[in-house]
Each structure stands twice: as structure tokens, then as C-alpha cells.
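**Q** I'd like to ask some things about the structure below.
The values are calculated or read from the model by the stated rules, or taken from the named source; none is laboratory data. Being a predicted model, the structure only gives us computed values, none of them experimental. Methodologically, a virtual Cβ is constructed for each residue, glycine included, from the backbone with ideal geometry; neighbour enumeration extends over all protein chains shown.
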């Protein structure tokens, strides 16, 4: 099994790899023998083969980064993500990363035998209940039309919608990417102790706290997400494609079948309408 997750001789591109889950994945990949290239607007404070500055809200900046990336790339880990309230959220969380992945494929830098793994979120689990809207957005063929679509649809420049879109993209590209010899998957983390989560701690780290306490398990950490990303991108997962994999210690599954009582999980999954009274909130 160790040989199947060996990254010796492979070049791994980590988008949004300066901190959090991306940084953990990049450092784990290097420890497995990979040559790591890290893209981020922030400085990279750990050792990597190469870091490239990129502003994911700017198409020219992303295009410049694509040109600067050496081929071949064996795995892309699309880890960039920002929280609600950040300008150009959809550009950063999805549109830029789609643009980068498809640009690398078009230029022959990401080819047969390679893989793509996005970081989605448990917050995006309701994507199938919102499938028509997700598919309508994903039908946008390029950066400008995607940006215009978001401008025209109120409430879609949001964290939850960005993660629903990632899940829909992974499912929709499973077959066409596989025809090119490329696998695509995502992970859907539950609450994880990252700098982004700490900045939104009341909501992000508070979610599922009762479940973790009752199960006597700690909050997940970035290294666990890095491990799962690298597994999905390795030969050990060669038969896995088009999957949005929950990594949440079973919180979602337990809540959906009522072995744990968390109605908000059902709201996120589209199984229940949001009722403020159920959560002790005023109308």
C-alpha cells in the first residue's frame, strides 16, 4: 500500500497552499517524495520546490500562473477558499480554479494518468437539491460569463453555493475528464481547525461540537484533510472518480438517519426546510 501512495518523481500543484489544509497537503506531498508547486496570494512560509504568487480574483494573474507552471503536473490539489463577506468569493473559491485546471489540460500540462482533487465542504452537501441552479451556472463556458452569471443571480456569491458548485463540477466532469485519462474528486470536510475556521469560530467550529463531545473525538485538523486529498490523488484510489467524499467523522451520516440529532444537517442536505424556531431563533 505504501507504494501506491508514493509521490516520488511526481509534480503536485497546490492552489491555495500557503496556509490551512492546502499547506498541510503540500507538506505531506513533499514528504511522500513529490515536487511541490504552491500557488497563493500569500507568502509560503515552508519549504517547497516553487511558489508562484497568484490573485485568484484576476484572470490575467491566473493566466500568468498557468504559463509559469512546468509540465507535466501529476496532481492538482484545488484548496483555495474564502468565507462569506470576501469580495469576489465565487471567483476565488471556484471559477479561477476551474479556469486553471481546464487551462492546464488544454495546454497539455495536465494529462493522462493525472488527477484533480478539490476541497469542497460539508456545507455543499445540498448540491443535488439545488441541481438545476448548479447546472445552469456550470453551463457558463468561461471566466467572464461565469462572473456575469453570479452578478445576475442574487445570493450566489456565497460560500455554500461555491461548495455546491464544486460538488456539481466534480460529478459533471467525471466522465469527460476520464476520457482524457484524468480523475477528479473532492473532499467535503466537516469542521476543521484552520485559520479560516478560527476566524469564523462561532459558526464553523461550533457546528457539530455536541456530536464530537458525545463521541469523545477532537476537532479535525488540516493534516487529516491533506492525507485524504493525497489518497484520492494517488494510485491507491485509481478506481475512485467523480466522488465528493465527506470527511466529518460521521456527523452528517449519523444525523441524516437520526442516530444523532442535528436537524441543521438535514437543512443543509435539503431534507428539511429551515425553521428559525427549531434553532431557538426569532423570525
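**Q** Within segment 207-230, work out how many residues are over 27 Å from residue 78 (Cα atoms) and not in a helix (DSSP H, G or I).
**A** Number satisfying all stated conditions: 2.
**Q** Is there a residue being out of contact with any strand residue (DSSP E or B) (no Cβ under 9 Å at 6 or more places or on another chain), closer than 30 Å to residue 236 by Cβ, at pLDDT below 95 and outside any strand (DSSP E or B) anywhere in segment 187-195? Break it down into steps so the answer makes sense when it comes.
**A** Taking segment 187-195 and keeping what is out of contact with any strand residue (DSSP E or B) (no Cβ under 9 Å at 6 or more places or on another chain), we get 194-195.
Adding the requirement that they be closer than 30 Å to residue 236 by Cβ leaves 194-195.
Remaining after also requiring at pLDDT below 95: 194-195.
Those left that are additionally outside any strand (DSSP E or B): 194-195.
Yes - at least one qualifying residue is present in segment 187-195.
**Q** A further question on this structure: Could you say whether any residue in segment 77-88 is in contact (Cβ under 8 Å) with a residue 60 or more places away in the chain, surrounded by fewer than 17 Cβ atoms within 10 Å (Cβ to Cβ), more than 15 Å from the chain's Cα centre (by Cα) and assigned to a strand (DSSP E or B)?
**A** No.
Conditions tested, residue by residue: (1) farther than 22 Å from residue 63 by Cβ; (2) buried (at least 24 other Cβ atoms within 10 Å of the Cβ); (3) touching a strand residue (DSSP E or B) at 6+ places or on another chain (Cβ under 8 Å).
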site	(1), (2), (3)
111	no, no, no
119	yes, yes, yes
129	yes, no, no
138	no, no, no
177	no, no, yes
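**Q** Considering only segment 1-17, state which residues are crowded, with 23+ Cβ neighbours inside 10 Å and assigned to a loop (DSSP other than H, G, I, E, B).
**A** 16, 17
**Q** Also: Looking at segment 44-57, I want the residues that are touching a residue at least 40 places away in the same chain (Cβ under 8 Å) and at negative phi and have a partner that is part of a loop (DSSP other than H, G, I, E, B) and buried (at least 21 other Cβ atoms within 10 Å of the Cβ) with Cβ atoms under 8 Å, at least 6 apart or on another chain. Which pairs are those?
**A** Sorted first by the residue in segment 44-57, then by its partner, the pairs are 56/16; 56/80.
**Q** Can you tell which of 203, 221, 265 is surrounded by fewer than 19 Cβ atoms within 10 Å (Cβ to Cβ) and either touching a strand residue (DSSP E or B) at 6+ places or on another chain (Cβ under 6 Å) or farther than 24 Å from residue 13 by Cα (or both)?
**A** Values: 221 fails: either touching a strand residue (DSSP E or B) at 6+ places or on another chain (Cβ under 6 Å) or farther than 24 Å from residue 13 by Cα (or both); 265 fails: surrounded by fewer than 19 Cβ atoms within 10 Å (Cβ to Cβ).
Answer to the selection: 203.
**Q** Another question, then. Could we say that residue 63 is in contact (Cβ under 8 Å) with a residue 12 or more places away in the chain and part of a loop (DSSP other than H, G, I, E, B) here?
**A** No: the conditions fail for residue 63.
**Q** Is it true that some residue in segment 162-178 is part of a helix (DSSP H, G or I), more than 30 Å from residue 222 (Cβ to Cβ) and in contact (Cβ under 8 Å) with a residue 24 or more places away in the chain? Don't jump to the end; show me each part of the working.
**A** Initially, segment 162-178 is screened for residues part of a helix (DSSP H, G or I), giving 162-178.
In the following step, the residues that additionally are more than 30 Å from residue 222 (Cβ to Cβ) were identified as 175-176.
Filter once more, so that each one left must be in contact (Cβ under 8 Å) with a residue 24 or more places away in the chain: 175.
Checked segment 162-178: at least one residue is part of a helix (DSSP H, G or I), more than 30 Å from residue 222 (Cβ to Cβ) and in contact (Cβ under 8 Å) with a residue 24 or more places away in the chain.
**Q** With the checklist (1) surrounded by fewer than 19 Cβ atoms within 10 Å (Cβ to Cβ); (2) without any contact (Cβ under 8 Å) to a residue 60 or more places away in the chain; (3) in contact with a strand residue (DSSP E or B) (Cβ under 8 Å, 6 or more places away or on another chain); (4) in a loop (DSSP other than H, G, I, E, B) in hand, flag the one item residue 253 doesn't pass.
**A** (4)
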